[in-house]
Amino acid sequence: MKQVLGVDSLDADTDFLTLGATSIDMIRIVNRIEKELSYRPAIDELYRTPTVAGLSRLYAKQVGESVSSQIGIANLKGVHPVLSRLLDVPALDPADRDAFKQQQPGLRSDLEDAVAIALPAVNLDEGLYWQRRSHRQFSLKPVDQTQLSELLQCLRSCQLNEKHKYRYGSAGGLYPVQTYLYVQPGRISGLTHGTYYYHPIEHRLYPLRLNAELDPSTYDRLINRPIFHEAAFSLFLVGQLAAMTPIYREASLHYATIEAGLITQLLEMSAPICNLGLCQVGEINSSSIRQLFKLDDNHVLLHSLLGGAVDTTTVEGVVAQNEVRDGSFDQVADQEAARLLQRIDQLSDEDVARLLEEN
Ligand SMILES: Cc1cc2nc3c(=O)[nH]c(=O)nc-3n(C[C@H](O)[C@H](O)[C@H](O)COP(=O)(O)O)c2cc1C
């Protein structure tokens, strides 16, 4: 850690934070560990155990758990030769990430010899872009059950010619991706907080663990946990791979992941119709999910979203919510705390009393 923390040697129990490690140092440490060990500790876990000893415990735990790793994307090294090759390059520091993004590396820039053909002019509906976007702030008022019903309706199947049809495709029509809901205390009217399975044929919620609470450390402290604290609910898209492997064998995870993407797009496009906003969350600490949702060994967590009623109380809110939070952890935490307090001030006494009671 010499270059990162500027010290020659470190005791196993020395707290990096007492050495003056900043949040950027913490990300550098995580990057370095990933490069050396092909294992990326969650930044949040590093904050909880910011010592060499803590890191080794995390690593040992990860090695122990890796066989039953729930998220396929967490350990893609070796899955595809291109990815293995690209992962040999160290991950970017936060300072360089913006520059990388600005280059728009996803666009081809090697075709200057080709003469591009302009497509016929058609109107560009900018409203569509504004409609489907990530929301990272939510109203603290409860979401109405009808709003939730309208949202989940997009995943509901419909019987056509005696067949169950969905608004998204699934390899072989197998539909292995299941939707699970976590309701935050007091945030969806008439629904007890806890976990539920959404049945797409019956359009019903099956309670799994009522009154259970999702551990906030499921979400990383810097970016996603503040969103979780405001969100009214979380959705988890989980693949039941046993519903696919007899037919698609090793392609099953790939196909199920594509299906989770289709579902996500459908949810994001449906949310504004019911005045709800959603934010996709790719990286989560999934250790508690299996138990919370009563999953079996063939379930694989594929993706997740946080959601709530759209917050239209402040103009700044509308602008700011479209930007991923940035800055050091302390700055972000302070801003978040101040903003939450300001918004709690805007609630009626009745709403505050209810929230306090539920929490
Ligand atoms: C696979 C995936 C994972 C994502 N994970 C996160 C996340 O963890 N936290 C977050 O705030 N946004 C997350 N996003 C949302 C992207 O940041 C967002 O889609 C992107 O910045 C474009 O902004 P827009 O959705 O508002 O158009 C994720 C998006 C995708 C597709």
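Would you call V143 away from the ligand (no atom under 16 Å from the Cβ), of a type in the set (V, I, T) and without any contact (Cβ under 8 Å) to a residue 12 or more places away in the chain? For V143, the condition - away from the ligand (no atom under 16 Å from the Cβ), of a type in the set (V, I, T) and without any contact (Cβ under 8 Å) to a residue 12 or more places away in the chain - is not met.
When the stretch 51-79 is filtered for residues that are surrounded by fewer than 11 Cβ atoms within 10 Å (Cβ to Cβ) and modelled with pLDDT of 50 or more, the ones remaining, listed by number, are A60, G78.
Exactly one residue among T264, T257 is without any contact (Cβ under 8 Å) to a residue 60 or more places away in the chain, within 12 Å of the ligand (Cβ to nearest atom) and either under 18 Å from P200 (Cα atoms) or buried (at least 16 other Cβ atoms within 10 Å of the Cβ) (or both), and that residue is T264.
Would you say V115 is in the same structural domain as V310 (by TED's automatic domain parsing) and either exposed (fewer than 13 other Cβ atoms within 10 Å of the Cβ) or hydrophobic (A, V, I, L, M, F, W, C) (or both)? No.
Scanning the stretch 102-140 for residues being assigned to a helix (DSSP H, G or I) and touching a residue at least 12 places away in the same chain (Cβ under 8 Å) gives a total of 1.
Give the residues of the stretch 174-229 that are more than 30 Å from P94 (Cα to Cα) and either of a type in the set (V, I, T) or not assigned by TED's automatic domain parsing to the domain that holds P246 (or both), sorted by residue number. Scanning the stretch 174-229 gives V177, T179, V183, I188, T192, T195, I201.
Restricting attention to the stretch 267-307, the residues that are more than 16 Å from the ligand (Cβ to nearest atom) and not β-branched (V, I, T) add up to 14. Taking the numbered list (1) part of a loop (DSSP other than H, G, I, E, B); (2) in contact (Cβ under 8 Å) with a residue 24 or more places away in the chain; (3) away from the ligand (no atom under 16 Å from the Cβ) in turn, L181 passes all entries but (1). The set of residues in the stretch 268-294 being under 14 Å from the mean Cα position of the chain (by Cα) and of a type in the set (A, V, I, L, M) consists of L278, V281, I284, I289.
Filtered by the rule that a residue be farther than 23 Å from R167 by Cβ and in contact with a Leu (Cβ under 8 Å, 6 or more places away or on another chain), the stretch 259-289 gives I284, S286, S288, I289. Among the residues of the stretch 195-235, the one identified as among the basic types (K, R), within 16 Å of the ligand (Cβ to nearest atom) and either assigned to a loop (DSSP other than H, G, I, E, B) or under 25 Å from S157 (Cα atoms) (or both) is R221.
The values are calculated or read from the model by the stated rules, or taken from the named source; none is laboratory data. Quantities reported herein were computed from a predicted structural model and do not represent experimental measurements. Quick reminder, even Gly has a Cβ in these numbers, built from the backbone with ideal geometry, and neighbours come from all protein chains shown.
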